[in-house]
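The values are calculated or read from the model by the stated rules, or taken from the named source; none is laboratory data. Quick caveat: nothing in here was measured; it's all calculated off a predicted structure. Here the Cβ positions follow ideal geometry from the backbone for every residue, glycine too, while neighbour counts run over all protein chains shown.
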Amino acid sequence: MANKIDLTQEELQKLGDFMHKATGNKLEVHKLLRFKRKIEEIFLKHHIDTFGNFYHQLRFMKSPELVQDLTNALTVNETYFWREHEQFLTLSKEILPKFVTPNKLEKVRILVAPCSSGEELYSIMLSILDAGNLIEKLNIEIVGIDIDSAMIQKAKTGLYTKRSVEKLPKHLLETYFKQVGSLYQIDKTLIDSARFLQANIFDENLSESLGGEYDIIFSRNMLIYFNAEDKRSCFGVFHKLMEPEGFLFLGHADTNNMDKKLFTPVSYGFHIFKKI
Ligand SMILES: C[S@@+](CC[C@H](N)C(=O)[O-])C[C@H]1O[C@@H](n2cnc3c(N)ncnc32)[C@H](O)[C@@H]1O
């Protein structure tokens with residue numbers, strides 16, 4: 001079996017087009033060249049030695065494991081705790097208190113799509129815990145999805161590097177993490193309170209797997225990898241997944257191509273929108 005696969009530009013383009021259709025991520029040849037090593041590893045793992053065979057399996061035999069391995073290899077999973085943390089503070093100090101009602105424990109459903117390896121979802125939990133008695137006044141359900149199965153596994157394990165946690169306020173790191181060698185293990189109660197699910201945002205059965213609508217959706221730093229058309233259809237997905245008057249939190253580079261008939265900016269905080 002060959003241990004080095006020399007993919008041509010045309011073959012890389014075919015892979016890029018396949019992944020674009022499957023995941024929405026636009027992958028030009030110059031980007032795919034950076035992933036060549038990872039693609040070679042997949043060839044080896046699946047005992048495939050020609051591109052023709054590989055592509056045939058991808059397209060026609062639809063090997064779910066092969067498609068998942070390629071997806072995991074080609075997605076950009078960069079994330080860290082407390083990233084763009086002003087939004088977490090707006091959530092816990094301004095938006096969630098609006099859901100509180102006297103004499104009733106209101107349920108609030110939060111979706112983090114995509115959650116990558118869990119840092120963003122846990123940061124949301126930490127900011128809620130840090131906001132005093134909010135956690136006793138609301139019944140908060142929080143769910144994270146990502147198309148990358150390895151990232152979902154990592155999120156469920158909750159073990160992070162120093163680099164990943166270094167932006168966290170010290171008191172949160174000290175209270176909710178235990179140091180294990182050079183790594184940081186997040187408290188088990190936080191892991192048990194979250195639900196992580198491997199899922200594609202474009203999956204037509206997503207709403208069913210997610211069990212209905214959400215009050216708040218975080219979608220940060222995924223739409224930047226989509227083209228205008230896929231971004232627009234993704235905003236449509238968020239709109240459908242959201243309760244009336246739900247809130248959408250985006251990353252600073254994610255907001256263009258939004259349909260102004262679907263969401264309107266809210267007056268406080270940046271890149272936070274309300275469902276119309
Ligand atoms: C750069 S990370 C952003 C993670 C986190 N939201 C943050 O801002 O720190 C982008 C994530 O989007 C995920 N992703 C890409 N396409 C997706 C899709 N179609 N459905 C679900 N997740 C997807 C990738 O696997 C990756 O983990």
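Mind checking whether some residue in the range 121-143 is in a strand (DSSP E or B), within 16 Å of the ligand (Cβ to nearest atom) and touching a residue at least 24 places away in the same chain (Cβ under 8 Å)? Don't jump to the end; show me each part of the working.
Start the filter on the range 121-143 by keeping residues that are in a strand (DSSP E or B), which leaves 138-143.
Keeping just the survivors that are within 16 Å of the ligand (Cβ to nearest atom) gives 142-143.
With touching a residue at least 24 places away in the same chain (Cβ under 8 Å) added as a condition, the list becomes 142-143.
Looking for residues that are in a strand (DSSP E or B), within 16 Å of the ligand (Cβ to nearest atom) and touching a residue at least 24 places away in the same chain (Cβ under 8 Å), one finds at least one in the range 121-143, hence yes.
How about the range 208-230: which of its residues are in a helix (DSSP H, G or I) and either buried (at least 21 other Cβ atoms within 10 Å of the Cβ) or more than 14 Å from the ligand (Cβ to nearest atom) (or both)?
At the first step, the residues of the range 208-230 found to be in a helix (DSSP H, G or I) are 208-210, 223-225, 228-230.
Glu208, Leu223, Ala228 - these are the residues of the range 208-230 that are in a helix (DSSP H, G or I) and either buried (at least 21 other Cβ atoms within 10 Å of the Cβ) or more than 14 Å from the ligand (Cβ to nearest atom) (or both).
Residue-by-condition table, conditions (1) within 16 Å of the ligand (Cβ to nearest atom); (2) assigned by TED's automatic domain parsing to the domain that holds Lys107; (3) outside any loop (DSSP other than H, G, I, E, B):
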| site | (1), (2), (3) |
| --- | --- |
| Asn200 | yes, yes, no |
| Leu248 | yes, yes, yes |
| Ser267 | no, yes, no |
| Phe270 | yes, yes, no |
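Within the range 100-134, being surrounded by 16 or more Cβ atoms within 10 Å (Cβ to Cβ) and either modelled with pLDDT under 95 or farther than 30 Å from Asn72 by Cα (or both) holds for Val108, Ile128, Leu129, Asp130, Ala131, Leu134. Only one entry in Phe60, Phe54 is at pLDDT 90 or above and either of a type outside the set (D, E, K, R) or within 25 Å of Asn227 (Cβ to Cβ) (or both), namely Phe54. Residues in the range 1-45 that are exposed (fewer than 11 other Cβ atoms within 10 Å of the Cβ) and of a type in the set (A, V, I, L, M, F, W, C): Met1 alone.
So, Thr71, is that one touching a helix residue (DSSP H, G or I) at 6+ places or on another chain (Cβ under 9 Å), in contact (Cβ under 8 Å) with a residue 40 or more places away in the chain and not in a helix (DSSP H, G or I) or not?
no
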